[in-house]
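The values are calculated or read from the model by the stated rules, or taken from the named source; none is laboratory data. Computed from a predicted model, the values in this text were never measured in an experiment. Cβ: placed from backbone, ideal geometry, glycine included. Neighbour counts: every protein chain shown.
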Amino acid sequence: MRILLLGLLICLGMLQYELWFSPNGWWHATDLKVTIAQQDQQNRQLKERNDMLLAEIRDLQHGTLAIESRARSELGWVKRGEVFYQFTAPPSTDKG
């Protein structure tokens, strides 16, 4: 009877070890949950960025307003009949 009890205790100890410390155990599963949560957050951020880029692409493909705005800001283009004014900062008077 004692041998049976000792065998059962050893089996229970081995199962507990497998549950807590094996590569497929409790701690590993907890680490995976944290990793999944971090990856989900990163995926949400990338999806938002992709949605913004897709909206910009649609605007550039179908609207002239977006193209005009980009040409003005990035290339300095002006329409016929418009006057372009450029303001510069006054020279610095600091003597280093």
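Selection of segment 1-59 for residues being modelled with pLDDT under 85 and small (Gly, Ala, Ser) yields GLY13, SER22, GLY25, ALA29.
Restricting to segment 16-73, and then to whatever is among the hydroxyl-bearing types (Ser, Thr, Tyr) and part of a helix (DSSP H, G or I), can you tell me which residue is farthest from GLN86 (Cα to Cα)?
Start the filter on segment 16-73 by keeping residues that are among the hydroxyl-bearing types (Ser, Thr, Tyr), which leaves 17, 22, 30, 35, 64, 69, 73.
Add one more test, that the residue is part of a helix (DSSP H, G or I), and what stays is 17, 30, 35, 64, 69, 73.
Numbers: TYR17: 74, THR30: 59, THR35: 51, THR64: 24, SER69: 17, SER73: 13 Å.
Among those residues, the one meeting the criterion is TYR17.
Against the conditions (1) modelled with pLDDT under 80; (2) out of contact with any Gly (no Cβ under 9 Å at 6 or more places or on another chain); (3) surrounded by 10 or more Cβ atoms within 10 Å (Cβ to Cβ), ASP94 satisfies every one except (3).
Given the residues TRP77, TRP27, which is the only one that is more than 28 Å from the chain's Cα centre (by Cα), surrounded by 10 or more Cβ atoms within 10 Å (Cβ to Cβ) and free of Cβ contacts under 8 Å to residues at least 24 places away in the same chain?
The unique qualifying residue is TRP77.
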